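J.: Right, I'll just put the structure down here and ask away after.
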Amino acid sequence: MSVQNESPLAKELRPPKHLADILARVSKLHRDEVAPREHALRHRLDDEAQYLDADGKLHPEIVAARREIMRAAGKVGVYGAHLPTHLGGGGLGRTDMIYVEEQVYGYGVGLNPALLSWSEGATPRLLYCHPHQREQFVDPLVRGEKTSLHAVTEAGAGSNLFDMKTNARRRGGDWVLNGHKAYITNAFDADVVQVLAVTEPGAGRKAFTYFMFDAREHLGKGYRTGRVYQTMFGDGYTGELYFEDLVLPQSAVIGEVGQGFDIAVMSFNYTRMRRAGMCSGWSRYLIEKSLERVGGRIVGDRPLGANQGIQWMIADMYVDWLQARSLSLEVARSIDDPGPWYALPRPKDEIRRICALKVSNDESFYRVADRALQVHGGYGVMRNNPVNKLFQIARNLRIPGGTDEVQRTTIAETLGLRFEPSKSAPAGSR
């Protein structure tokens, strides 16, 4: 069954008519660029033993296929559709991008995610690049010709940036960068490094600055990669970085010195908003796979789906998908109305809704994936299949981009439940 064309949920998607052209481009890209490469690399994509190379990193053939797909998507304006037109993007708002993203992720978990930029390409941080950075970095990243990495997380500093130890100090007209970053996506194959460092300790939100440089030009010259981290779904794509007296010119700064915190928050909000189309597309894919399974699996003398217990599980999957998707579209519209989504600063009520979007999608998708694995039975617990891999991804998504617990804390704080330790407890709390 074709998830895109024959889904019983397809009629509920109702994308706006003005998106017909870009959605048709996505469909053509999947048919002409993604599907043939998935077929050619099926032996690697479906077998953990061949998915990684001898060092435990994502196999070079898969890396190369992803890059080819990125470039193809860049040529037809899909890869950077979320960025404004003045950067060479498609200028789509968050509401429109949900429809685009859910079509891309609705194809499953093969090579299709490479059709859109995630953390390794045309990211919102490019909005703060300077004209002199355009030709070398911005343009090729938007076109999908280069990839990047986003170096923020450290072993002892995750959601709280103020625990960060990586620092950059002025030396004449240059900066000298030192530190260690951990759990970094695309650590080994990135062309461009974007790193957040402390440049003025104790300055609060003004303490941080972003830097950008060519990874290969500086490799072995104060910059190096470390070990590969194997995530729970064994992507071979995550690793650690070291900066050891790395000398960077002033021209390597993204935005302004001291603007790093605000740019980082904007980046995190973008990551959280992207949960909407991603989780919707993958949830719908899993519902479709589950309907195929319970309709075609005969137990005794009738389909597995004839059992009420199974029917209710499928119904709960649908409710989770519909609730999260409806919330996402409403939040996206509330962001697009004043627009644009990347403007700074963002009002507290909007931050609250973005956090709610992430929590809703993370946890709804996890429940959908959990039930999908359950209805697939013995096949579901086998690792080399898309249902099992999406279950692992669903569990993983509840941590990066700010854990769901951090999102709940932010929601509570924006509702007025923020109490400073130095102040007395509020009346009635004792």
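J.: By how many nm would the segment from ASP55 to GLU12 grow when fully extended, if each residue of separation counts as 0.36 nm and the alpha-carbon distance is taken off?
T.: 11.0 nm is the gain from fully extending ASP55 to GLU12.
J.: Pop a pseudo-label 7 angstrom from the Cα along the beta-carbon direction at both GLU420 and GLN250 and give the gap in nm to one decimal.
T.: Result for the modelled spin labels: 3.6 nm.
J.: Here is a follow-up. Shape call for the chain from the C-alpha gyration tensor, a ≥ b ≥ c root eigenvalues: rounded (a/c under 1.5), prolate (a/b greater than b/c) or oblate?
T.: Cα axes put the chain in the prolate bin.
J.: What lysines could a cross-link reach from LYS17, if we take a straight Cα to Cα line under 24 Å and drop same-chain neighbours fewer than 8 places away?
T.: LYS28, LYS75
J.: Here's a follow-up. Rounded to whole Hz and in sequence order, give me ³J(HN,Hα) for region 192-198 from the Karplus expression 6.51 cos²θ - 1.76 cosθ + 1.60, θ = phi - 60°, writing x for Gly and Pro.
T.: 10, 9, 10, 10, 9, 9, 7
J.: Expressed as a whole number of Å, what is the distance separating the alpha-carbon centroids of region 292-371 and region 132-180?
T.: What the calculation gives is 33 Å, centre to centre.
J.: Moving on. Would you mind pulling out the separation of the Cα centroids of region 13-83 and region 194-208, in Å?
T.: 36
J.: Can you pull the one-decimal nm distance between simple spin-label points at ARG408 and ASP47, each 7 Å off the Cα toward Cβ?
T.: Distance between the two pseudo-spin positions: 4.3 nm.
J.: Accessible area per residue, 1.4 Å probe, Å², for region 2-152: what's the number?
T.: Accessible area per residue, region 2-152: 42 Å².
J.: Tell me what the chain gives for mean residue ellipticity at 222 nm when only DSSP H runs of n ≥ 4 count, each as -39,500 (n - 2.57), the sum divided by the residue total, rounded to 500 deg cm²/dmol.
T.: Rounded to the nearest 500, it is -13000 deg cm²/dmol.
J.: Between ALA343 and LEU219, with labels modelled 7 Å along Cα→Cβ, what's the label distance in nm to one decimal, could you check?
T.: 4.2
J.: Quick one: with all protein chains in place, what share of the accessible area of the chain is carbon or sulfur, to the nearest percent (1.4 Å probe)?
T.: Roughly 52 percent of what the probe reaches on the chain is carbon or sulfur.
J.: Report the charge-dipole magnitude of the chain in Debye, nearest 20, computed about the Cα centre from +1 at each Lys and Arg Cβ and -1 at each Asp and Glu Cβ.
T.: The calculation lands at about 540 debye.
J.: Please name whichever of HIS43, ILE22, SER7 sits farthest to the positive end of the charge dipole of region 1-60, dipole taken about the Cα centre and charges placed at Cβ: Lys and Arg +1, Asp and Glu -1.
T.: ILE22
J.: Could you identify which residue out of VAL331, VAL381, VAL26 has the top mean-square fluctuation in a GNM of the chain using Cα springs shorter than 10 Å?
T.: VAL381
J.: Go ahead and set up a Gaussian network model of the chain, Cα springs under 10 Å, then flag whichever of SER117, SER148, SER326 fluctuates most.
T.: Ranking SER117, SER148, SER326 by mean-square fluctuation puts SER326 first.
J.: Sticking with this one: Find the accessible area per residue for region 189-295; the probe is 1.4 Å, ligands and nucleic acids are left out, and the unit is Å².
T.: Here the per-residue accessible area is 33 Å².
J.: Separate question: Which whole-number value in Å³ per residue fits the convex hull of the alpha carbons of region 97-234?
T.: 146
J.: DSSP loop (so not H, G, I, E, B), at most 11 other Cβ within 10 Å: list which GluC sites (Glu not before Pro) in region 221-293 pass both filters.
T.: Answer by residue number: there is no such site.
J.: Determine the sum of side-chain charges near PRO249: Lys and Arg each +1, Asp and Glu each -1, restricted to other residues whose C-beta is under 15 angstrom from that of PRO249.
T.: 0
J.: In square angstrom, rounded to the nearest 10, how much accessible surface does HIS86 have for a 1.4 Å probe?
T.: 110
J.: Now a separate question. Treating only the Cβ atoms of Lys and Arg (+1) and Asp and Glu (-1) as charged, compute the dipole magnitude of region 1-133 about its Cα centre; round to the nearest 20 debye.
T.: 500
The values are calculated or read from the model by the stated rules, or taken from the named source; none is laboratory data. Just so we're clear, the structure is a prediction, and the values are computed from it rather than from any experiment. As a convention, Cβ positions derive from the backbone with ideal geometry for all residues, glycine included, and neighbour counts pool all protein chains shown. The area values use the complete protein model at the heavy-atom level, side chains included, leaving out ligands, DNA and RNA. Shrake-Rupley method; radii C 1.70, N 1.55, O 1.52, S 1.80 Å.
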